[in-house]
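For reference, the structure is listed below as structure tokens.
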Amino acid sequence: MGDRAQTEKTLQEAYAARKRGDLDAIGRIFAPHARFQMAGSNASPVATKVVGAEQYRPLLAGMIKTFELLDYTIVRMLIDGDTAAVQWHAKIRSSVTGQTVETDLFDLIEMEDGRIASFLEFCDTALAARLMQA
């Protein structure tokens, strides 16, 4: 299997694991030293940047607990060498408010040795913040 095909397979597995809420599977896909960032201004409670499994695992666990991914569709996945861009649409339920919403997201991902080394997510931070408030 070529690098591009392997990257696509790995990313498909990552999104499927996120839908299942499978933190262990996600942890196997991310490199131990990976960077995870939710893009946004410092004014947003959603915007964050962490490095390494000791920081990204608790963050991802909280995201999985707070934002239940009911359904998703990968609209577009572009892969160029070790970099991938993923545009996706999701139906999400907040465990805090009980509200269900549909939204679009965009992820910029860097791969290293078949694992995610950097994950930068762009989302509607105002919507996410609202879904986090009881």
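Throughout, read-outs are computed from the coordinates displayed, never taken from laboratory work. Quick caveat: nothing in here was measured; it's all calculated off a predicted structure. Glycine gets a Cβ as well: all are built from the backbone with ideal geometry, and neighbour counts include every protein chain shown.
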### Task
For the chain, give the magnitude of the charge dipole about the Cα centre (Cβ charges: +1 Lys/Arg, -1 Asp/Glu; no others), in debye to the nearest 20.
420
### Query
Projected onto the charge dipole of the range 3-131 (+1 at Lys/Arg Cβ, -1 at Asp/Glu Cβ, origin at the Cα centre), which of 47, 66, 26 gives the Cα projection farthest towards the positive end?
66
### Query
How do the peptides 93-106, 51-64 rank, highest first, by the average count of neighbouring beta carbon atoms within 10 Å per residue?
51-64, 93-106
### Burial ordering of 109, 74, 79, fewest other beta-carbon atoms within 10 Å first
74, 79, 109
### Query
With all pairs of different alpha carbon atoms counted, what Kirkwood hydrodynamic radius in Å does the chain show?
15.0
### Message
For a Förster distance of 22 Å, can you work out the FRET efficiency between the beta-carbons of residue 49 and residue 28, rounded to the nearest 0.05?
### Response
0.50
### Summary
Exposure-ranked with fewest Cβ neighbours within 10 Å first, 20, 115, 76 stand as 76, 20, 115
### Query
In deg cm²/dmol and to the nearest 500, what is the mean residue ellipticity at 222 nm of the chain if only DSSP H runs of at least 4 residues count, each as -39500 (n - 2.57), divided by the residue total?
-10500 deg cm²/dmol
#### Entry: Table column - 3J(HN,Hα) (Hz), the range 89-99, Karplus curve with 6.51, -1.76, 1.60, x for Gly and Pro
10, 9, 10, 10, 10, 7, 6, 7, 9, x, 6
